[in-house]
Amino acid sequence: MDNDALWAALPVPAIVISFDDRIQEVNSAGELFLNASVKSLLGKPVLDRLHIDANMDGALERVRKNQAPMFINNVDVGAGHAPPVECNIQIAPVSRDSGDVLILMHPRNLAVRLGKSLGVKSAARSAIGMAEMLAHEIKNPLAGITGPAQLLSMSLEADDLELTDLIVAESRRIVALLEQVEQFGNLRPPERKVVNIHDLLDRAQKSAEVGFGARMRICEEYDPSLPPTYVDPDQLMQVFLNLLKNASEAAGDEGGNIRIRTFYDHALRLRKPDGSGTGLPLQVEICDDGPGLPPEIAGQIFEPFVSGRENGTGLGLALVSKIISDHDGWVSVDSVPGKTLFRISLPVAPKDKE
Ligand SMILES: Nc1ncnc2c1ncn2[C@@H]1O[C@H](COP(=O)(O)OP(=O)(O)OP(=O)(O)O)[C@@H](O)[C@H]1O
Ligand SMILES: [Mg+2]
């Protein structure tokens, strides 16, 4: 294989700098990261283009002196006007004579999230298998409780009726929850069709606006040139509704703003444990200006039964994660108070299906 192809294929932002720390080469992932073309970058002092929150001068000096690679983990790296991203940086000497040095930057969120969404799949599977069994087992005795409670209520005074009503109402709530769990376990494999994602988003938006999202202002920012995707429309609809619903619930009674954005990003690929990879260029972002994820559950929101809400079952995002994994896609979240952004990345429809 020739080196140029290898260099271009490297999915991690990579830069080679010369002895005076000027950019000599940038691969395509690096161009994206720096948001600039190779042409405009060549010869520029690297530290003018990359704002790295670490003693880079010291690090580069050591790498050149020791002729040994060096790793700097968890540093914020800013490029251009984009907000800084937490990266693991690897610096390696290329040649002792010229003083050339290779810098690789692994945005950390990418690694963490990719790992997570695949992990969730199997964790969710086992938790759900068990929940499904329990759901089934609990439904029968529950019917055994509500029936007698209703009979009892016929011979009770008005004051005590309140109590039997409570038994019946709470039991119904449990049954509804169990049915949700069962439905979750029974999710069929996706029936894929070629779909324009904007049609689904429009439908989800309309249904949000007349229901749970009536207090929200929803704006859309669609890339009209987005190619079609190949998904199960009903399941994807469920995904968008769950995300819109969560955003609406987080906003509370005052309401808030939701922005739905779509765009194309050809740099994203999902690598599966078996080594195969899919491009995931279609991006859908659902962003709200609510309070953000509760910090105590922020790391586990895609797992089943994790909820930050009273009466929440915690299945909404587990379902999102499961459906998106079944579609070989990727879901990620970034949340700070005032800005919570869920991003769904999907493959484009294969040519022969269009
Ligand atoms: N946009 C958001 N803003 C703030 N918090 C959120 C947002 N989306 C999700 N969350 C938090 O993540 C938790 C898990 O969400 P998930 O949809 O999985 O469950 P749920 O909404 O609690 O219950 P369910 O969707 O099953 O009714 C929520 O309870 C909430 O605390
Ligand atoms: Mg939810």
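The values are calculated or read from the model by the stated rules, or taken from the named source; none is laboratory data. These numbers were taken from a predicted model, which means no experiment stands behind them. Quick reminder, even Gly has a Cβ in these numbers, built from the backbone with ideal geometry, and neighbours come from all protein chains shown.
Just a few scattered comments:
- Breaking point among (1) surrounded by fewer than 20 Cβ atoms within 10 Å (Cβ to Cβ); (2) within 13 Å of ligand 1 (Cβ to nearest atom), for Asp253: (2)
- Some residue of the range 210-225 being surrounded by 15 or more Cβ atoms within 10 Å (Cβ to Cβ), modelled with pLDDT of 95 or more and of a type in the set (Ser, Thr, Tyr): yes
- Strands (runs of 3 or more DSSP E) contained entirely in the range 172-244, each with at least 2 residues that are touching an Asp or Glu at 6+ places or on another chain (Cβ under 8 Å) and more than 14 Å from Ile260 (Cα to Cα): 193-195
- Taken residue by residue, the range 281-303 has at least one member that is closer than 20 Å to Pro190 by Cα, within 16 Å of ligand 2 (Cβ to nearest atom) and in contact with a helix residue (DSSP H, G or I) (Cβ under 8 Å, 6 or more places away or on another chain).
- Test: residue in the range 275-289 that is of a type outside the set (A, V, I, L, M), within 13 Å of the chain's Cα centre (by Cα) and within 11 Å of ligand 1 (Cβ to nearest atom): yes
- Scanning the range 295-354 for residues that are in a helix (DSSP H, G or I), polar (S, T, N, Q) and touching a strand residue (DSSP E or B) at 6+ places or on another chain (Cβ under 9 Å) yields a total of 2.
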